[in-house]
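As structure tokens, the structure follows; a few thoughts come after it.
The values are calculated or read from the model by the stated rules, or taken from the named source; none is laboratory data. Note that the structure is a prediction, hence the values are computed from the model and not measured. Every residue, glycine as well, gets a Cβ built from its backbone with ideal geometry; the counts of neighbours run over all protein chains shown. In case anyone asks, the SASA skips ligands and DNA or RNA and just uses the protein heavy atoms, side chains included. Shrake-Rupley method; radii C 1.70, N 1.55, O 1.52, S 1.80 Å.
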Amino acid sequence: MKLSTYNFLTSMAIKGVKVGFPLKLTINKKEEVESEFNPTFIERLLPKLDWAAIYGAAQVAELADDIPPTQPENIGENELLLQKLHHLLFEIDVLEGQLECPETGRIFPITDGIPNMLLNEDEV
Amino acid sequence: MTKLWRKYILWFAQEHVDFRISEFESIVKMFGIQFRPVTEQTLKPFWLVEFPDEKTALLYASRSIALRAIFELYAHSNKFSQFHERLRAHVTGNKDELATYFRPDTSFKITVETYNKHFSQREKIEKIETMDYLPIEGPVNLKNPLVEWWYIEFWGLDPTAVPPEPEEILFGRLLAHGQRHLIKELSLKQRKFIGNTSMDAQLSLLMANQAMVQEGDLVFDPFVGTGSLLVSAAKWGGYVLGADIDYMMVHARCRPSRISQKIREKDESIRANLKQYGCADRYMDVVVADFSNPLWHPRISFDCIITDPPYGIREATEKVDAKANSKDSTRTDDMVHYPSTSHYSLQSLYGDLLEFAAKHLRLGGRLVCWLPFHREDYNPEMVPHHNNLTLVANSEQRLTGNTSRRLLTYEKHSQYSVVGATQVPVATPSEDFRDRYFNSALESRKERRMRKAEQRELGRAEMELRGKVPSDGRAKKCELNKARFN
């Protein structure tokens with residue numbers, strides 16, 4: 001799972017959960033994959049992302065030094081930051097780990113790089 | 001101004017004919033191409049269309065899957081004499097402009113293409129010779145010509161009633177081929193990871209065109225399966241994301257579909273498919289998730305949603321569901337638990353899909369999906385609809401004698417507001433596709449088996465009458481197997 005996807009996922013499907021975001025991320029095993037830097041795509045993606053969750057992910061991935069805690073203005077002109085965001089959001093692949101619902105503590109495992117967001121019968 | 005517009009011949013493959021017009025419409029809309037149809041856009045394989053310039057024509061060809069090739073039109077007519085007159089007039093009338101093609105150092109080739117009528121090589125050469133008035137000076141080069149002209153005769157569509165004269169005679173200069181080479185390039189035969197329901201390359205490319213996938217778009221498939229739709233979307237520059245309820249499928253651990261393959265290879269995955277076609281950078285993620293429950297952050301918006309939902313025939317329609325269970329649970333907390341699934345009716349599935357698209361598409365974004373149905377009870381009313389979405393295309397693909405599926409393309413035209421305020425109940429077929437498919441076929445499976453057995457028995461009796469001894473295939477096979485083990 002890439003950290004961009006982490007920013008999209010919630011646990012609001014669980015009965016009684018209202019927001020379910022951001023999920024608490026734990027990384028047990030990660031891999032760095034190289035991918036082509038596309039600044040336009042990142043700029044288009046940014047309005048869809050939650051900065052607090054980006055920063056949270058950066059802390060877990062031990063890259064918090066690269067990312068400011070609050071979203072700076074005119075990010076499109078800051079090529080260096082865009083590159084760091086690209087590395088954080090697309091080049092870190094979480095192979096093993098887990099996502100935890102902030103409200104109920106329900107754990108969603110990540111195996112072989114794929115998060116399992118399925119719920120049990122009694123949870124929906 | 002009008003004088004600058006040029007006429008072009010569009011030559012289409014006569015396959016998935018119903019999809020051609022909507023593909024054309026999608027591509028011209030995506031690139032903002034201006035055009036004027038010259039002939040009516042019918043089911044014929046040759047269309048005449050005016051574009052403002054050659055660049056526009058090439059832009060269209062750079063994306064079309066239905067298109068075989070595009071030509072700059074020199075002359076066309078339905079009578080030979082008039083055709084030659086017009087071609088002669090065109091060549092003399094545009095002398096200066098065409099001069100580069102008729103220079104002594106410009107090698108050339110003329111291809112003769114006849115539709116619905118066969119001509120021998122000799123007859124084709126004779127046809128070329130009727131155009132001896134063309135001021136060609138360059139050498140012939142059949143392999144690698146600098147300029148390639150095509151002479152086309154169209155002899156109608158019905159092979160049983162070929163008209164005495166061709167319906168259309170066309171002549172033009174080849175500009176470019178369409179993108180049909182991608183069908184071979186992305187063929188499922190060579191693909192790393194496929195499953196029972198992988199979409200064939202041609203249709204998935206068509207779907208991506210319908211969705212108007214462009215460079216840097218975020219594309220989502222909620223029923224991703226083996227990711228065949230993501231492959232074509234990524235090929236056109238989309239960044240792709242998928243989800244599926246089937247854990248084994250998403251992890252590529254399900255039973256292999258290839259007859260020669262016993263177990264899945266270790267490195268099979270949706271990501272490997274994208275890597276195979278050089279689109280690894282376009283792979284975002286796949287997630288194991290149940291579509292009937294909300295999962296995605298409300299802020300996320302997709303540029304396109306392309307999907308082929310399960311119809312319940314080859315792949316089950318499932319969702320996680322609560323079941324009344326009076327037994328005490330014996331499972332402990334550390335045990336792996338596989339949630340039980342229940343049937344997800346097509347009705348509620350399409351309802352959820354349209355609702356999801358209305359919520360999560362950007363304005364102007366498109367949803368492209370298949371709807372299976374029984375041909376006899378199709379009426380336009382049964383196509384699902386939603387207040388925030390407009391149906392922009394609806395093309396049919398026949399599956400069997402009495403079943404079909406339609407490729408539906410929706411465009412989001414207005415912002416989603418709270419449930420209940422704008423949402424219209426989705427009208428879908430009252431009965432499930434699966435139930436009809438298995439239960440109300442013209443003949444049931446049992447009837448068919450009995451009929452086949454009866455036929456075999458008749459054949460055997462006839463053989464005996466003719467004095468032949470019918471061989472017992474089953475016994476033979478048993479013998480062979482025994483011999484193998486002794």
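Taking the residues in the range B:352-378 that are charged (D, E, K, R) and at pLDDT below 95 as candidates, determine which candidate is most open to solvent (accessible area, probe 1.4 Å). Within the range B:352-378, the match that is most open to solvent (accessible area, probe 1.4 Å) is B:Glu376. Scanning for something facing another protein chain (nearest Cβ under 9 Å), crowded, with 22+ Cβ neighbours inside 10 Å and farther than 20 Å from B:Leu408 by Cβ, does the range B:269-277 turn up at least one residue? Checked the range B:269-277: at least one residue is facing another protein chain (nearest Cβ under 9 Å), crowded, with 22+ Cβ neighbours inside 10 Å and farther than 20 Å from B:Leu408 by Cβ.
Residues that are out of contact with any Phe, Trp or Tyr (no Cβ under 6 Å at 6 or more places or on another chain) and within 9 Å of another protein chain (Cβ to nearest Cβ) within the range B:278-290 comprise B:Ala280, B:Asp281, B:Tyr283, B:Asp285, B:Val286, B:Val287, B:Ala289, B:Asp290, listed in sequence order. Residues in the range A:102-124 that are in contact (Cβ under 8 Å) with a residue 60 or more places away in the chain, more than 8 Å from chain B (Cβ to nearest Cβ) and open to solvent by 30 Å² or more (accessible area, probe 1.4 Å): A:Pro102, A:Glu103, A:Thr104, A:Arg106, A:Glu123.
Out of the residues in the range B:291-315 meeting the condition of being at pLDDT below 95 and open to solvent by less than 10 Å² (accessible area, probe 1.4 Å), tell me which one is nearest to the other protein chains (Cβ to nearest Cβ). Among those that are at pLDDT below 95 and open to solvent by less than 10 Å² (accessible area, probe 1.4 Å), it is B:Ile300. A:Leu99 meets the conditions (1) more than 9 Å from chain B (Cβ to nearest Cβ); (2) open to solvent by 10 Å² or more (accessible area, probe 1.4 Å); (3) closer than 24 Å to B:Lys319 by Cβ in every case but one. The failed one is (2). Restricting B:Tyr239, B:Tyr151 to those that are at pLDDT 95 or above, buried (at least 19 other Cβ atoms within 10 Å of the Cβ) and outside the structural domain of B:Phe119 (by TED's automatic domain parsing) reduces the list to B:Tyr239. Filtering the range B:78-94 to residues that are surrounded by 13 or more Cβ atoms within 10 Å (Cβ to Cβ) and either farther than 30 Å from B:Val162 by Cα or not assigned by TED's automatic domain parsing to the domain that holds B:Ile169 (or both) leaves only B:Val91.
Considering A:Leu63, A:Leu95, A:Leu89, the condition of being touching an Asp or Glu at 6+ places or on another chain (Cβ under 9 Å) and of a type outside the set (Phe, Trp, Tyr) is satisfied by A:Leu95 alone.
Condition check ((1) surrounded by 24 or more Cβ atoms within 10 Å (Cβ to Cβ); (2) in the same structural domain as B:Ala357 (by TED's automatic domain parsing); (3) not in a helix (DSSP H, G or I)) across all residues:
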| residue | (1), (2), (3) |
| --- | --- |
| B:Met248 | no, yes, no |
| B:Pro256 | no, yes, yes |
| B:Ile259 | no, yes, yes |
| B:Val287 | yes, yes, yes |
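Looking at the range B:381-388, can you tell me whether even one residue there is modelled with pLDDT under 85 and in a helix (DSSP H, G or I)? Yes, the range B:381-388 contains a residue that is modelled with pLDDT under 85 and in a helix (DSSP H, G or I).
Does the range A:33-52 contain any residue that is more than 12 Å from chain B (Cβ to nearest Cβ) and either without any contact (Cβ under 8 Å) to a residue 24 or more places away in the chain or closer than 22 Å to B:Arg282 by Cα (or both)? No - not one qualifying residue is present in the range A:33-52.
Candidates A:Lys48, A:Lys30, A:Lys24, A:Lys15: the one that is under 30 Å from A:Glu123 (Cα atoms) and surrounded by fewer than 13 Cβ atoms within 10 Å (Cβ to Cβ) is A:Lys15.
Only residues that are open to solvent by 50 Å² or more (accessible area, probe 1.4 Å) and within 40 Å of the chain's Cα centre (by Cα) were counted in the range B:95-108, giving 3.
Of the residues making up the range B:115-148, those that are open to solvent by less than 70 Å² (accessible area, probe 1.4 Å) and assigned to a helix (DSSP H, G or I) are B:Lys124, B:Lys127, B:Ile128. Before we move on, is B:Asp281 farther than 25 Å from B:Tyr410 by Cα, open to solvent by 10 Å² or more (accessible area, probe 1.4 Å) and touching a residue at least 40 places away in the same chain (Cβ under 8 Å)? When the stated conditions are applied, B:Asp281 does not pass them.
Summed over the range B:196-220, the residues that are touching a residue at least 40 places away in the same chain (Cβ under 8 Å) and within 14 Å of another protein chain (Cβ to nearest Cβ) give a count of 6. The residues listed here are B:Ile33, B:Ile27; of these, the one that is among the aliphatic types (A, V, I, L, M), part of a loop (DSSP other than H, G, I, E, B) and under 22 Å from B:Gly365 (Cβ atoms) is B:Ile33. Checked against (1) more than 19 Å from A:His86 (Cα to Cα); (2) away from chain B (no Cβ under 14 Å), A:Thr70 meets all criteria but (1).
When A:Lys24 is tested against the conditions (1) within 14 Å of chain B (Cβ to nearest Cβ); (2) under 17 Å from A:Met117 (Cβ atoms), the lone failure is (1).
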